[in-house]
Structure formats: structure tokens, C-alpha cells
Amino acid sequence: MSIAHAKEILKHQFGFDEFRMQQQAAIEAVLARRDCVLLMPTGGGKSLCYQIPALMFEGVTVVVSPLIALMKDQVGALKNNGIDAAFLNSTQTGEEQAEVQRRVRSGQVKLLYVAPERLMQSSGQFIEFLRDINVSLFAIDEAHCISSWGHDFRPEYIQLGRLRKLFTNVPFIALTATADKLVRKDIVERLQLTRPEVLVSSFNRPNIFYRVEPKRRSYEQLVNYLHEHKDESGIVYCLSRNSVDNMAEDLRRGGFSALPYHAGMDKADRDRNQDAFLRDEAKIIVATIAFGMGIDKSNVRFVVHMDLPKNVESYYQETGRAGRDSLPSEALLFYSYADVMKLKGFVEVEGNAAQSAIMLKKLDQMAEFGDLRTCRRKYLLKYFDEVLADDCGNCDNCTTVVERFDGTIIAQKALSAVYRTDQRFGIAYLVDLLRGSEARTVRDEHKNLPTYGVGADVSKNDWFLYFKDLIAQGFLAQTSGQYPTIALTEKSRDVLRGETTVQLIKSKTIEEPRPRFAAGAETPEYFKDLFDRLRSVRSAIANKENVPPYVVFSDATLVEMSAYLPANESELRRISGVGDLKLEKYGRQFLAEIDNYCVEKKLASRIDLKSPKRERRVRTKRGGNGLDTYQLSLKMFLSGQSIDEIAEQRSLSRTTIENHLIRYISTGEVALEELVQPEKLAALKQAILATPDSQALSPIKEKLGDEYSYGEIRAVMAAMEAGLLVVE
């Protein structure tokens, strides 16, 4: 099993030209039957690292997945790529589960998705079922859930460590998007992995723009933001279920297509709302953190946090649900220090002081991110032990010009208040002291201090901002823990003595304009009106097939189509995300829409602009005989080899070989009856003629059923177009 074969599968099954980040290294490790731990950012393509080996190994790959929604999503996408996959979970009837197990035993299923509870059930029945079949690989998705030091610990994951003792010769791959060094160590130890290959891809998501706004009039700010992004899909996260319900209702009243999602809802309502969002029937989902893990929706353009997440890992994972297709997307956080104080009571772990300390430290680090005055991406990457040499240029702090003023007197007042209260109080108390508050919380002895009330002319919000600015500049320091206090630093003395001036933030200018929607630096400007038309084609197909639109093609694929204007199947093959089966099922419909557009606008194909290094190379495997890939398949077929034999020898799929041979029907070099049994011809011809859009393969296939293949439909279509089959 070679990496060249893996690349063929990547190309023909999934429609991509090159491996990204650590995909190739992970696949090589698995193919060598070595254990592997893979960290790759959300949307980076982790699933390909076990899906491709699954297709190369004999037997079935068992994928442990924590959420039912993830299983359904990934199994649906795999089936749409022509890969036989299945899941077992509590949503199925006993008969449905028995049928899945029958198909697994018969060798039909290549990937089986299960929840950890099902896998490690106390009766041990499922383990016995797996020991009776040929398990080729275990893939543990969302592997950070196994660590009690992580942000999303799930006790049921700990039992997975028993699998290594039960399946000693089966390789394991553990996958996650969020794990620091401590969590990575925990994953290796708890899963009892044997000398695993630990692969850490860059955590950088360069297409996401990070922005933090003060949490003042946040609903009004949100509405303005949503008006600017009215045609895009997004997630709005709130801390509580009640907030989710109220926010969704307010947004609907405001004319937005918004639905709620949280664990307190009826399951049927929750599933219905999630499906509506996945299918683009609702543009906005308002949710608690119960929503999102493993959701594969690729065209989420923004993620908004109305409240502060409890830790950087959660923030990174939740914002990572935006822009999984690598197109420009945004993460907006509304931040206030009041949120930090509110959350301190929630992050403590009862009866576990050590873990409580870790959780409080993580919350403090999230607060640091909110207060940050420097590059936000640098901070995020540093948190995950990754260094970014230069500022990113794609966050609010990098693209906003800050105006400052001489705030020395304000700084002296703040530092004096800290000094005169013995550095024992937090920001909120110091602000009340400076503003001369009559609140009971202000101690009587402090009301006699010279600093009491000297800052009454400055608003409460501004004082908070000034304190945070002074901390950011190193003139003050803030301790960690549940009740952080403000302390002086080495730089404080010179300010108090009047030997150093202090510049404080006065205002921020509007961000520099950024491209809202582009496929990337290598893709030429695309035609937005064609993109919208292709989205309509995609929606129609998705509705017919009862799948989310992005399962048909991602936005990124449609953007490439709208940029390069492919004129035929050969050119469409070069578009990222167009695999053999999708080309076969959908290619004609999209090509027809592109052709209509080009005729209207007097445009021609621009496929020659596509960078050679990213081209979807249709293998022109030339040997000494100089034959290209199509001619080679034809020669082997004419020599008497079957389609399956050719596919196996050339490490290509049966669908690919069928496509090669179908092109020779019109030349007479391959007879239709060699690809389609004569007794099937009448039914095939009738189904094609009875379908209004005779170029759409899926409706035709649906009418005919499983006994007829897409290849047979294509072959009959080719014969009809060439006039070799009488059309009555």
C-alpha cells in the first residue's frame, strides 16, 4: 500500500489534488500500522487521514465519534462520494441496527461510526461483535475528550484505553483540533498508544478574522453586524439556554432567519432546527456550546460570541466552525470583565482543587485575549505552543489604527489608588473608589483617602478600559485566581514620580477594508452572479437528494467554478472538490449553468489561469508505450481484462475505469452492450427519457434503484447522444 495509491483515492474519490498540512504523514503512519496522534485545525481535513486508509485496508475502520449529528453528517458525505459507510446509535430501531451489523459482517461497510458508550457497553456484546470481524483501524475522533485536563472532558472516553489490550495488532489514530502539551500527553497515556507518531499541524486559521468589541449595547451591535452579512450563514453563541431562546426570538422579530439550539429543547425540535441550518433553510443558529462539535457545515461565514467562553480551547474550537471551506470568515466576541467575574464561579470543579486552579488559569488566559492590544492570532498560536513571526494583518488589532492621548494624570490617579489600598483589590473596587462611589462595598477607611472620588469625571466603562490599557503596557499587573487583584510593577514608580509619561487609548479608527469573499490568493476574481446561480443549482440538487447543500459541493468549489469557468468535464475535473462520482452525478448540470452564463456574458473558459501546482491532474500515466490514462484503460479492456481487474491493477476506482471506457462508445471502439447488459437497456432508456432534466443523473438513479449503476446510466446517455441508440 503506497502513498501514490492514497493520492489516487484523494483525487478520484474526494476531488482534491494535494495533501494538506500533516495529512500525508498521518496516512503514511497508519498505512505502516503505527499508532498516531494528529492535531489539525477544524476544517483542516482530519477525517481524510483515516477515511483514505480505510479504503485501502481490508476490513472495516471503526470511528469513535462523540455526537450523533457528526456521525450522520460524515456518513452522508461519504456515501455522496461513493463510499459505503454506516453508523450505529440510539436513533436507529433494532431492525436498522441489525441490518447495519449484517452489512458489516458481509464486508460491504468500510467505515463504521459508533459512540464511545456503544463501543464500551458494560455487557461487552459490541466488543465481541468487533472481535468476530476484521477491524483494520480504530479512529478516535475528538480525542481531547479523554483528558480531564482538557476543556471538554467526557468520562466515557477513558474506557477506550481497554481497546489497545483487546486489539493489539490494530493501529489507532487519535484526532483532535484542540490539545495543549498536557492534553496530548494524556491522550497517549489513556489510550495506551504504542510509540505513536505525534503530528501537530499549524493551528493557524488564516482565513478567519478575529474581532473583539466591548460588550456595550451588544444586541444593537449584533443586529448591525448581521445586516452586513444578511446572505451568509453564521452561529451566535450565548451562555445560557434562556439567553438563546430570547435572542433567537428577538432576531426573528427583527426579520432574521434565526433558530435556537440548546440541550434543554425537545430533541425533535433541536434536530429539526439543526437540519434547517445545515440545509441553509435557516441562516443563523443561536446556540449554547451544546451545538457544533463535529458539525461539517463548510459555509459558516461568521461565529459570534455574545458571552465570554470559559477557555481559549473552547473559543478556538467554536470559532473554528467558521470558514471550514477556507474562504474568508469572521469571529466576533463581545467582551466585558463582568463576564470574567461571572464565570469564575462556574469553572471551579467541586472537590478537585488542582483541576479548579487549571480551569481558573484558563479563564484568566481567555480574559487576556479579550483585553489584548496586540495581534490576536499571535496570542492564540502561542497558547498552542506555536510561534508566528510577524503580526497577522487579519485581526482587529492589526487592522485598526489606534489614536492615543497623554493619559499621565489618569494613570497617576489609577496607580495611586492601587498603592494606597495596599495592592489588595480588583479593578471593580478601584474604579468605585476613584469615582467616589457610595456603595457599601467601598470601605469607610478608603473614603478618607486622597484618591477617593478624584476620577468622578471619568465614566465607569472608560476607567475599566484605562486599567486594562495600563496592564497591557506593563504599568500595572493583575494576579490570577478567582479574585484577582491589581498590583504595581517596576514601571509604576517612574509614573508616580512624574518621570514617565503614559499614552492611553483615546479611540479606534474604522478597520481597513478587507475582501469579504474570495477563494484565495491563487484564485482570480470570480463572478458573484454566476456563483449565486450555481448555488441555486446546488440547492435544487440538495433538496432532491435530501442532503445539505455543502455535501453536493462546497462554497469553495463553486467559487472556483465561478472563477475558472470550466467548459467541459475534463476542465471541471481540475476544480478542487470535484471527484469522480460527483462529476458523474452533478457535472452536466453545473456545466450547463456555466455554459449558459458564458454565452450570455460572452465569456470563455479561464481554466488556463489555474495554477499548475494545484491542478487536478488526470493521471496521464504514460509508460514506454506512450498511452495516456484513457487509452491505457481501453487497451487493457480490449485485451480481455474486466473493469474490476483494470481498476485493481491501476489502483483506480471502478467508476474511473467506466468513465474512461464510456468516452469510446461514440467512436465505436467500445460497444454499449459491453458495459450494459442488453436486458437493462429498455429500463435505462425509459428512465432517462422520463426525467425532465435528462442530464441529471441522481433523479434517474433514484427511479431505477440499486440494481443500476451511474456508469450504466452514463453509458446509455453517451450512446443516445451519439445516435447509436434509437430514441423513440
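The values are calculated or read from the model by the stated rules, or taken from the named source; none is laboratory data. In this text the structure is predicted, and so the values were computed from the model without any measurement. No Cβ is skipped: glycine too gets one built from the backbone with ideal geometry, and neighbour counts run over all protein chains shown.
Starting from residues that are modelled with pLDDT under 90 and surrounded by 22 or more Cβ atoms within 10 Å (Cβ to Cβ), keep the ones in region 278-298 and report whichever is nearest to A542 (Cα to Cα).
L278
I need every pair where a residue in region 459-471 that is among the β-branched types (V, I, T) has its Cβ under 6 Å from the Cβ of a residue that is modelled with pLDDT under 90, sequence separation at least 6 or different chains.
Matching pairs, first to second residue: I471/Q478.
Filter region 566-598 down to residues that are surrounded by 23 or more Cβ atoms within 10 Å (Cβ to Cβ), assigned to a loop (DSSP other than H, G, I, E, B) and not small (G, A, S), then give me how many there are.
Final tally of qualifying residues: 3.
Residue under question is T194, and the condition is that it be crowded, with 22+ Cβ neighbours inside 10 Å, in contact (Cβ under 8 Å) with a residue 24 or more places away in the chain, assigned by TED's automatic domain parsing to the domain that holds T42 and polar (S, T, N, Q); does it hold?
No.
Taking region 561-581, which residues are over 14 Å from E593 (Cα atoms) and either hydrophobic (A, V, I, L, M, F, W, C) or out of contact with any Asp or Glu (no Cβ under 8 Å at 6 or more places or on another chain) (or both)?
Passing the criteria: S570, E571, R573, I575, V578, G579, D580, L581.
So, restricting to strands (runs of 3 or more DSSP E) that lie completely within region 227-345, which ones have at least 2 residues that are assigned by TED's automatic domain parsing to the domain that holds A540 and in contact (Cβ under 8 Å) with a residue 40 or more places away in the chain? Break it down stepwise before answering.
Working: elements: 233-237, 258-261, 284-287, 300-305, 329-335.
Result: empty, no element qualifies.
I'm told M71 meets every condition in (1) of a type outside the set (G, A, S); (2) touching a residue at least 60 places away in the same chain (Cβ under 8 Å); (3) touching a strand residue (DSSP E or B) at 6+ places or on another chain (Cβ under 6 Å) except one. Can you identify the failing condition by its number?
Result: M71 passes all but (2).
Do you know which of the residues in region 322-340 that are farther than 21 Å from E368 by Cβ and of a type outside the set (D, E) is surrounded by the most Cβ atoms within 10 Å (Cβ to Cβ)?
If we take residues in region 322-340 being farther than 21 Å from E368 by Cβ and of a type outside the set (D, E), then A322 is surrounded by the most Cβ atoms within 10 Å (Cβ to Cβ).
Charged (D, E, K, R) and closer than 29 Å to Y315 by Cα: which single residue out of D444, D406, D391, D422 fits that description?
D391
In region 93-114, which residue that is in a loop (DSSP other than H, G, I, E, B) and touching a helix residue (DSSP H, G or I) at 6+ places or on another chain (Cβ under 7 Å) is modelled with the highest pLDDT?
So the residue we want is K110.
Answer yes or no as to whether E213 is part of a helix (DSSP H, G or I) and in the same structural domain as V286 (by TED's automatic domain parsing).
Working: part of a helix (DSSP H, G or I): no; in the same structural domain as V286 (by TED's automatic domain parsing): yes.
In short, no.
Given the criterion in the same structural domain as D469 (by TED's automatic domain parsing), over 20 Å from V458 (Cα atoms), over 23 Å from the mean Cα position of the chain (by Cα) and not in a helix (DSSP H, G or I), identify the matching residue among D422, D390.
Just one listed residue meets the conditions, D422.
Just give me the residues in region 445-493 being modelled with pLDDT of 85 or more, of a type in the set (G, A, S) and not in a helix (DSSP H, G or I), in sequence order.
Result: G453, G455, A456, S459, G474, A477, A487.
Would you please name the residue that is farthest from the chain's Cα centre (by Cα), looking only at residues in region 441-463 that are over 14 Å from I409 (Cα atoms) and among the β-branched types (V, I, T)?
Among residues in region 441-463 that are over 14 Å from I409 (Cα atoms) and among the β-branched types (V, I, T), the one farthest from the chain's Cα centre (by Cα) is V442.
Tell me, yes or no, whether region 408-419 has at least one residue that is free of Cβ contacts under 8 Å to residues at least 12 places away in the same chain, exposed (fewer than 14 other Cβ atoms within 10 Å of the Cβ) and in a helix (DSSP H, G or I).
yes
Return the pair list, or none, for Cβ contacts closer than 6 Å from residues in region 664-685 that are under 16 Å from Y710 (Cβ atoms) to residues that are in a loop (DSSP other than H, G, I, E, B) and among the β-branched types (V, I, T), at least 6 apart or on different chains.
So the pair list comes out as L672/I665.
Scan region 520-542 for residues that are touching a residue at least 40 places away in the same chain (Cβ under 8 Å) and among the polar types (S, T, N, Q) and jot them down.
T523, S539 - these are the residues of region 520-542 that are touching a residue at least 40 places away in the same chain (Cβ under 8 Å) and among the polar types (S, T, N, Q).
Looking only at residues in region 9-28 that are farther than 23 Å from R650 by Cα and aliphatic (A, V, I, L, M), which one is nearest to the chain's Cα centre (by Cα)?
Checking each candidate, the answer is M21.
Can you name every residue in region 136-163 that is surrounded by fewer than 17 Cβ atoms within 10 Å (Cβ to Cβ), in a helix (DSSP H, G or I) and touching a residue at least 12 places away in the same chain (Cβ under 8 Å)?
E156, Q159, G161, R162
Please indicate, with yes or no, whether at least one residue in region 194-210 is under 26 Å from L381 (Cα atoms), under 18 Å from the mean Cα position of the chain (by Cα), assigned to a strand (DSSP E or B) and not aliphatic (A, V, I, L, M). Working first, answer last.
Step one: filter region 194-210 for residues under 26 Å from L381 (Cα atoms), giving 196-210.
Restricting the remaining residues to those that are under 18 Å from the mean Cα position of the chain (by Cα) gives 200-210.
Applying the additional criterion that residues be assigned to a strand (DSSP E or B) yields 200, 208-210.
From what's left, not aliphatic (A, V, I, L, M): 209-210.
There is at least one residue in region 194-210 that is under 26 Å from L381 (Cα atoms), under 18 Å from the mean Cα position of the chain (by Cα), assigned to a strand (DSSP E or B) and not aliphatic (A, V, I, L, M).
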